[in-house]
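To start, the structure under review is shown below, and the notes come after it.
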C-alpha cells in the first residue's frame, strides 16, 4: 500500500516525495511596538522581532526597536496626516504577498495593533487570504502617558470610567456621543486629536463638561523628548498649538494629579508646562 507523502520542513521549503520542493506559506504577526520606549516592549513582541524575516513597520516605531531585528528586511509604510506611503489596502496586500513567499512577516505598529491601529483590517485581509495571522498586544500611548505623568486614568472619587476616542475621522469631524463624554468623573483620552483640539473642547463644553475640568496634553509619551502640558478643557486648543509629535489629549478630573516636576531620571529630557489649571479661562 502506498504511503502518504512525507513532508519535511526546513528553511521554509517543503519536500514532497516524488515531487519538487515547494516553499511553505509563511505567516503574519501583528506586533504592538508600544509608545516608543524600547523598555516597554513585551517579551513576546521581542521574540517575534527576533524571528522575523521582514518588518513592515510604521514611521512612529523607534529606531531602537527596529534594531532589535537586525536580520530582518525593513519596509517602511509610514503614514502621516495627508500623506500615506502606502494606502491601507496596499499594506494589506503586501502582508499577504510576503507571507505567500514563505516569510515570517512582522507588521510592527506603534502602540497596540487593535487600538486605532487598523490591525483589525489587516487581520481580516490575512484571514480572507488563508494566511495565518496572530496578534501581539502592545502598551498603548495612553497607558504610558498616564503612568509617566502620575495621572491615573481611573481613580476612586474622580474617574470611574475611561473612554478612548479618536479625534480624526476618515471624512470630516469625528461623530462621537458628546453628551456621554461630557459627564463628570470620567477620563476621556483623545488619540489623533491635536488638529481638532478646539473642536473637541467646544463640543464637550457645549454638551455640559465644565471648562475648568483639568486636561493633560502629552506629546511623545515615554520618549526622551516627552512633553506634558497641564491645562483645562477651556485651554485645550491653545495647549495643543504647535505640537509636531504624536500627542494625546486627556480630559478629566484625575488629570489634576499629573506630575509636572522634572522626573528623577536624569536621562529623560522633558518639558512640563502648566496653563490656567485653576482659572478655567
Exercise. Of all alpha-carbon pairs in region 34-149, indicate the percentage at a distance above 21 angstrom.
Key: 34
Practice problem: Ratio to report: Rg/Rh of region 112-183, with Cα atoms as the point set and Rh obtained by the Kirkwood method; give two decimals. | Solution: 1.07
Quiz item: Using alpha carbon centroids, what distance separates region 77-151 and region 55-70, in Å?
Solution: 13
Practice problem: Please list the equivalent ellipsoid semi-axes of region 61-210, computed as the square roots of five times the alpha-carbon gyration tensor eigenvalues, in descending order and whole angstrom. | Solution: 34, 18, 14
Quiz item: Exposure proxy check: 122, 128, 101 ranked by fewest other beta carbons within 10 Å?
Solution: 128, 101, 122
Practice problem: Bin width 5 Å, alpha-carbon pairs only: give the P(r) of region 141-274 as whole percents, running from 0 to the bin holding the largest distance. | Solution: 2, 12, 23, 25, 20, 11, 4, 2, 0
Exercise. Rank these for me by crowding, 31, 188, 162, going from fewest to most other beta carbons within 10 Å.
Key: 162, 188, 31
Practice problem: Just rank 39, 67, fewest to most, by other beta-carbon atoms within 10 angstrom. | Solution: 39, 67
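Every number in this text was worked out from the coordinates using simple rules, so none of it is lab data. Please read all numbers here as calculations on a predicted model, not as lab measurements. Virtual Cβ from ideal backbone geometry, glycine too; neighbours counted across all protein chains shown.
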